[in-house]
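Peer 1: Quick one: the structure is below, questions incoming.
Nothing in this text is a laboratory measurement; each read-out follows from the coordinates by a stated rule. Note that the coordinates shown come from a computational prediction; the quantities given were computed from them, not determined experimentally. Quick reminder, even Gly has a Cβ in these numbers, built from the backbone with ideal geometry, and neighbours come from all protein chains shown.
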Amino acid sequence: MSDLQLSAKDIAVDFSGLRALDGVNLDVEVGEIVGLIGPNGSGKTTLINVITGQVNPVSGRVSINGEDITHLLPRKIALKGITRSFQIVRLFENLTVVRNVETSALAKGVSRKESTKLALSLLKEFNLNEFAGQLAGTLSYGDKRKVEIVRALAGQPHFLLLDEPAAGMNEAESEALLKILAELPGRKKLGMLIIDHDMTLIMRLCHRLHVLSSGKTIGEGDVDYVRKLPAVIEAYLGSNPAKEMQHA
């Protein structure tokens, strides 16, 4: 593991008087993959939005190696080394795939020539190079999701935050994505925080899990430990992930 650490401490968020996050603490180190899971409405995306500057907490602190980044603008946070994908794909659909990826590298200050080189290299890693000159809006939903991950990587992050990266993918696509994501921390020297409802993918991919329910942490630790916690099993009762949580 690296000494480089992303920390969210005692995060609280209110929406119209309702507490969406309540005293959440989460750490991610370079070299590890942490799964952020929980029932719908538990605060997972809100926590990623706090970390990346889309939402300001009413209390708490986000930092990289002790440097407070809590109230920086999203583009400033990206420059500090935190990039993300979104639950709803946000590509420039009228730009080519390679141009979409270049935008992140250019925002980081990389030259046009080098940004193109980086974009093409990343697209090849994700088996998307054949689509480089195609308009992003013409891709399948699964390929759009992969392009968004590639674009986040083009920002050369220390920490990559993925919000449901496997959503809309079939089993074969999810399996291929899992293999690529599993290798990223070692190859790119980054830490990853992943939200996904595909418990099979989460259980196989992540080193640690952090579980939210109603805005509070109800479990954290390695996969085998967390999936056996009574509070975690109870939170998932009545949903498909519950069965996978108990039997994965």
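Peer 1: How far is it, in nm, from the label point at LYS189 to the one at LEU135 when both lie 7 Å from their Cα along the line to the Cβ?
Peer 2: Simple spin-label model gives 4.0 nm for this pair.
Peer 1: Determine the alpha carbon to alpha carbon distance for each of LYS117/LYS216; LYS9/LYS189; LYS108/LYS144; LYS80/LYS144; LYS44/LYS113 and list only those over 32 Å.
Peer 2: The pairs that break the limit, which is 32 Å between Cα atoms, are LYS117/LYS216; LYS44/LYS113.
Peer 1: Given labels modelled 7 Å from the Cα in the Cβ direction, how far is it in nm from LYS124 to ALA182?
Peer 2: 2.4
Peer 1: With a 10 Å Cβ neighbour count serving as the proxy for reagent exposure, in which order, fewest first, do PHE159, PHE126, PHE15 appear? Mind showing how you got there, number by number?
Peer 2: On the way: PHE159 24, PHE126 19, PHE15 10.
Ascending number of Cβ neighbours within 10 Å: PHE15, PHE126, PHE159.
Peer 1: Looking only at the chain, where both bridge partners belong to it, what percent of the DSSP beta bridges are antiparallel (to the nearest 5)?
Peer 2: 60
Peer 1: Over the C-alpha atoms of the chain, what are the Rg and the largest Cα-to-Cα span, Dmax, in Å?
Peer 2: In order Rg, Dmax, the Cα atoms of the chain give 17.6, 54 Å.
Peer 1: Same structure again: What Rg and what Dmax come out for segment 91-151 when only alpha-carbon atoms are used, in angstroms?
Peer 2: Over segment 91-151's Cα set, Rg and Dmax evaluate to 10.3, 30 Å.
Peer 1: Another question, if that's okay. Would you mind calculating the gained length between ALA172 and ARG112 on full extension (0.36 nm times residue separation, minus the Cα-Cα distance), in nm to one decimal? If you can, show how the numbers build up before the last one.
Peer 2: Numbers: separation 60, 0.36 × 60 = 21.60 nm, distance 3.46 nm.
Working it through step by step, the gained length comes to 18.1 nm.
Peer 1: Kirkwood hydrodynamic radius, segment 55-182, all distinct C-alpha pairs: what's the number in Å?
Peer 2: 15.3
Peer 1: Please arrange LYS146, LYS108 by how many other C-beta atoms lie within 10 Å of their C-beta, fewest to most.
Peer 2: Least to most surrounded, the residues fall as LYS108, LYS146.
Peer 1: In segment 133-182, what is the volume of the convex hull around the alpha carbon atoms, normalised per residue and reported in Å³?
Peer 2: On the way: hull volume 4.5 nm³, N = 50.
With only Cα atoms used, segment 133-182 gives 91 Å³ per residue.
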